[in-house]
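Asks: Dumping the structure here so I can ask a few things about it.
No lab work stands behind these numbers, since they all come straight from the coordinates. In this text the structure is predicted, and so the values were computed from the model without any measurement. Please note: Cβ atoms are built from the backbone with ideal geometry, for glycine as well, and neighbour counts cover all protein chains shown.
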Amino acid sequence: MSASPALALSKQLCFAVYSTSHAFTRAYRALLDPLGLTYPQYLVLLVLWETDGLRVKEIGAKLFLDSGTLTPLLKRLESLGYVRRVRDPSDERQVTILLTPAGQALERKAATVPEDMSCMAQIEEAEMVALIERLNRLRGSLQGACGEALEPA
């Protein structure tokens, strides 16, 4: 049985992105295990290292995660001593996430992760920047086609 050439797995951009995502996750595991972090926890910390004191909803928007996915990550990071959750006294539903001193110190320990990943991926900085820009445009196009927000908040 012959499939249409357009339906060949090797021709699917979605599969190339999907399988590359899995390869990234496995590669990050080797870099993050010594820090005691999972890849999703690392992403949350990247957001907070860039801008500490964000509300849960803001972190979720930046990472394209809903609160049902994000809350367990934040609870685990809190139990590890890297963040603390502070409820807004005027609106108990609003929770701000703050890095602890241990969470701030972890940033220094994780400082080599991006460079180590670039070496593992065997990609030059200019190529990486161009690829990130292209993938961000692609994501924006797909989100626009689906009626979703074009950029994280």
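Asks: Which whole-Hz couplings ³J(HN,Hα) result when phi for each residue of region 75-91 is put into the Karplus expression 6.51 cos²θ - 1.76 cosθ + 1.60, θ = phi - 60°, listed in order with x for Gly and Pro?
Replies: Computed from phi, the couplings for region 75-91 are 4, 5, 5, 5, 5, 7, x, 8, 9, 9, 9, 10, 7, 6, x, 8, 8 Hz.
Asks: While we're on this one: Once each part is reduced to its C-alpha centroid, what is the distance from region 86-122 to region 15-33 in angstrom?
Replies: 20 Å
Asks: In debye, nearest 20, what is the charge dipole magnitude of region 36-109 about its Cα centre with +1 on Lys and Arg Cβ and -1 on Asp and Glu Cβ, if you could check?
Replies: Computed charge dipole of region 36-109: roughly 180 debye.
Asks: Starting from the Cα of Arg76, move 7 Å in the Cα-to-Cβ direction to define the label point; list residues of region 10-24 whose amide nitrogen is under 18 Å from there.
Replies: 22-24
Asks: In the structure shown, do any of Lys75/Lys109; Lys11/Lys62; Lys11/Lys109 have a Cα-Cα gap over 32 Å, and if so which?
Replies: As for pairs spanning more than 32 Å Cα to Cα, those are Lys11/Lys109.
Asks: Same structure again: Taking amide H positions as placed in the peptide plane 1.01 Å from N, state which residues far from Gln94 in sequence (5 or more) or on other chains have amide H under 5 Å from it.
Replies: For Gln94, the qualifying residues are Asp88.
Asks: Next question. So how strong a dipole does the chain carry about its Cα centre when Lys and Arg Cβ are +1 and Asp and Glu Cβ are -1, to the nearest 20 debye?
Replies: 440 debye
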